[in-house]
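Structure first, then comments.
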Amino acid sequence: MRDPARRRAEAPLSRPRPLPLLLTAIPHASQGDTRVSVGLLNAGEGRNITHAHLKFEVRGSTHEANAFMASRAIEAVRGSAAALGVRSDIPRAG
């Protein structure tokens with residue numbers, strides 16, 4: 001059986017790999033036009049990398065549509081992190 005601490009450090013880019021697909025699969029809001037843009041998925045360079053960064057943006061044509069997309073995106077990130085046993089930090093910008 002593998003050491004759990006070692007397992008977390010393996011392949012940091014493979015863990016968030018399904019997330020861009022999940023984000024783009026968020027259904028559109030009935031309150032207005034919506035968009036999701038995944039701009040960056042990066043695990044750095046070098047050895048012993050233990051983290052990855054994903055940058056994405058959600059947009060909605062109305063405040064309600066934007067709030068819907070933001071909440072669904074946060075749910076997707078937190079759910080993926082929980083399923084994979086990793087931590088997620090979600091800073092908001094804009």
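Computed from the coordinates by the stated procedures, all read-outs in this text should not be read as laboratory data. This one's a predicted model, so the numbers in the text were calculated from it and none came from an experiment. Using ideal geometry, Cβ is built from the backbone for each residue, glycine included, and neighbour counts are taken over all protein chains shown.
Amide H to amide H, with H built 1.01 Å from N, ALA43 comes under 5 Å of HIS53, counting only residues 5 or more places away or on other chains. Taking other C-beta atoms within 10 angstrom as a stand-in for reagent exposure, ILE74, ILE90 fall in the order ILE90, ILE74, fewest first.
Taking other Cβ within 10 Å of each residue's Cβ, how do GLU75, GLU57, GLU45 sort, fewest first?
On the way: GLU75 12, GLU57 15, GLU45 6.
Lowest to highest Cβ neighbour count: GLU45, GLU75, GLU57.
Give the calculated FRET efficiency between HIS28 and ASN48 to the nearest 0.05, with a Förster radius of 35 Å applied to their Cβ-Cβ distance.
Values: r = 41 Å, r/R0 = 1.17.
For HIS28 and ASN48, the calculated efficiency is 0.30.
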